[in-house]
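If you scroll down you'll find the structure; I have some questions about it.
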Ligand code: GAP
């Protein structure tokens, strides 16, 4: 593991969530219907951020390299794909349900064994105390049992208005797995597949059942030969794809970190297996090291602080069924170190599986060896939404400006949603408004610029700081005379006076990556 001594960001997830909602970055999904768990909608500002993150990735892997082709495969795939990939048989979590009233479902490996005592609910409203049927709560102590009772059991057993007591059953204390929400006994774990399903065509029978892809990778594997032959590619080369993936996550949580609908940016990089390489030729292991370095550098290139990024090699017992080795790029989120991207050596597992299930020969003919073999695959797999979250957290800054607090997103300029905002100093002066609008229209030919006159200038600056706009341009009364405007820099807050005809080049220059 690469050691770092970073401290957790001081910004909390709640602050980021609230900024995102307030400033049109991310809203809860289906907001007016109390939401839909594990879904989020990107607002006007967030849609730009997300697009910029995806563009930065696509540019760096497809345009800046000459060994990668792009692809945009369908989300719905022949279900045999998922049998071959192993997702139908192994893409599952072991789950258990509580027999208690909360009806919650848990990942079995997330529930620790605890020492609990049985507390029986006894009705003492009138006459002889009577144990209530089904009223059995497992809790470490009476206080907790009472909490469970008040939260769930009272209503569930129709005991509102009755007088009850909780009686500890002597000798019942034992170590076991109980619901941490209602103190109910948990059922035995059952495997729960994480793939979401739908049906194609008018008949809802099992023959029409298809899956929403849980990873974009398989669309690449099934197109390996198509891309290789149509683009006349020799090994090593990769195929990159971005797009939506879906997983029926049991516990979607932490905002954009774990959702049920998300986007991935994946590369499958096909190379010669190590055992066929000549001395000096890059093996699959060399390519894995290369991709880990490339991907770590990508995050710092776009502004992530190096001390909040680390590499963690997965232990043998953590590896996915297809992987020989995996390096996780982790970021120090407000919730602690968490995976941003996994870079796996998938060996020839996937292509071999698809050969077997489809009956098609997906081997590569190597002209140098004059022989065919199944390529090995290195897979850098990143999440778009997790990356957006990391970029937001990393950019979030609070500064003291005189007696005031300034919130500013110091996003890398190429990720900033809005590049420039243009304001007239006085919105009731038509000449200023028209000059500002014209300037904005001109800038829009090259960048995403916005015009705003809905508040006083100080407030307009603060609004743009909060979404990370690198440049604010103010047209004032003098502008009418000197044909010049004031350009303010987001980070330094310094202002320069520039001829209106110089603004475009000044901004494009400032936005160019250093
Ligand atoms: N093709 C390999 C693969 O899908 P993964 O580790 O399951 O591997 C890769 O996913 C990346 O996709 C993760 O590192 C993460 O960034 C993103 N990701 C996975 N599940 C996610 C979820 N439920 N919500 C948001 N992002 C997710």
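Just so it is clear, none of the values below were taken in a lab; they were calculated from the coordinates. If you're wondering where the values come from, they're calculated on a predicted model, not measured in any experiment. Ideal geometry is used to build each Cβ from the backbone, glycine not excepted, and the neighbour counts take in all protein chains shown.
Take each of the peptides 13-21, 163-171, average the number of other beta-carbon atoms within 10 Å over its residues, and list them starting from the highest.
Ranking, from highest mean packing down: 13-21, 163-171.
Decide, for region 179-238, between rounded, prolate and oblate: order the square roots of the alpha carbon gyration tensor eigenvalues as a ≥ b ≥ c, take rounded if a/c falls under 1.5, and otherwise choose prolate if a/b is larger than b/c, else oblate.
Taking the square roots of the gyration eigenvalues as a ≥ b ≥ c, region 179-238 is oblate.
Another one. Rg over Rh of region 111-197, using C-alpha atoms and the Kirkwood radius, what does it come to?
Values: Rg = 15.1 Å, Rh = 14.1 Å.
When Rh is taken as the Kirkwood radius, the ratio is 1.07.
Run the quick spin-label model on residue 31 and residue 352: label points 7 Å from Cα toward the beta carbon, then report their separation in nm to one decimal.
Calculated label separation equals 5.0 nm.
Only Cα pairs under 8 Å and at least 6 apart count here; give the relative contact order of the chain as a rounded whole percent.
14 percent
If every alpha-carbon in region 327-382 counts as one equal scatterer, what log10 I(q)/I(0) does Debye give at q = 0.14, 0.17, 0.29 1/Å?
-0.56, -0.67, -1.06
Sticking with this structure for a sec: Output the peptides 305-317, 40-52, 123-135 sorted from most to least packed, where packing is the average of other Cβ atoms within 10 Å over each peptide's residues.
Final packing ranking: 40-52, 305-317, 123-135.
Mind jotting down the distance between the C-alpha centroids of region 411-425 and region 93-150, whole Å?
Region 93-150 and region 411-425 have Cα centres separated by 55 Å.
Rg/Rh for region 25-67: what does it come to with C-alpha atoms and Rh from Kirkwood?
Ratio value, two decimals: 1.24.
Calculate, in whole percent, how much of the Cα-Cα pair population of region 457-498 lies beyond 17 Å.
Value for region 457-498: 29 percent of Cα pairs lie more than 17 Å apart.
Counting just the Cα atoms, what span does region 1-52 cover along each of its three principal axes? Round to the nearest Å and put the largest first.
Principal-axis extents of region 1-52 (Cα, largest first): 44, 25, 22 Å.
If you bin every alpha carbon distance in the chain into 10 Å steps from zero, what whole percent lands in each bin?
Final binned percentages: 3, 15, 21, 20, 17, 13, 7, 3, 1, 0.
Still on this structure, I have one more. Can you give me the Cα centroid spacing of region 263-313 and region 451-477 in angstrom?
41 Å
What is the packing order of peptides 211-217, 333-339, 477-483, taking the mean over residues of other C-beta atoms within 10 Å and listing the highest first?
211-217, 333-339, 477-483
Rounded to the nearest 0.05, what FRET efficiency do residue 363 and residue 446 give with R0 = 41 Å and r taken as the Cβ-Cβ distance? Could you check?
Once rounded, the FRET efficiency stands at 0.30.
Dividing the alpha-carbon Rg of region 393-514 by 2.2 N^0.38 Å yields what?
It is 1.01.
Enumerate the whole-percent occupancy of each 5 Å bin, from 0 to the last occupied one, for all C-alpha pair distances of region 38-110.
3, 10, 9, 10, 12, 15, 18, 12, 6, 3, 1, 1
For residue 434 and residue 67 in one chain, what is 0.36 nm times their gap in residues minus the Cα-Cα distance, to one decimal in nm?
That pair, residue 434 and residue 67, stretches by 127.3 nm at full extension.
Oh, and also: Report the Stokes-Einstein translational diffusion coefficient (µm² s⁻¹, integer) for region 301-425, Rh taken as the Kirkwood radius over Cα pairs, at 20 °C with viscosity 1.002 mPa s.
Translational D for this selection: 116 µm²/s.
With a 10 Å Cβ neighbour count serving as the proxy for reagent exposure, in which order, fewest first, do 331, 448 appear?
By the 10 Å Cβ count, ascending, the order reads 448, 331.
Shifting gears a bit: What's the extension gain from residue 289 to residue 160 if we count 0.36 nm per residue and subtract their Cα-Cα distance?
Computed gain between residue 289 and residue 160 is 40.1 nm.
Find the all-direction average of the projected area of the Cα convex hull for region 230-306, expressing the result in square nanometres with one decimal place.
8.5 nm²
Kindly state, to the nearest 0.05, the FRET efficiency for residue 229 paired with residue 55, given R0 = 22 Å and r defined as their beta-carbon distance.
Working: r = 29 Å, r/R0 = 1.30.
In this case the efficiency is close to 0.15.
Quick one: length gained pulling residue 132 to residue 174 fully straight, 0.36 nm per residue minus the C-alpha distance?
Numbers: separation 42, 0.36 × 42 = 15.12 nm, distance 2.21 nm.
12.9 nm is the gain from fully extending residue 132 to residue 174.
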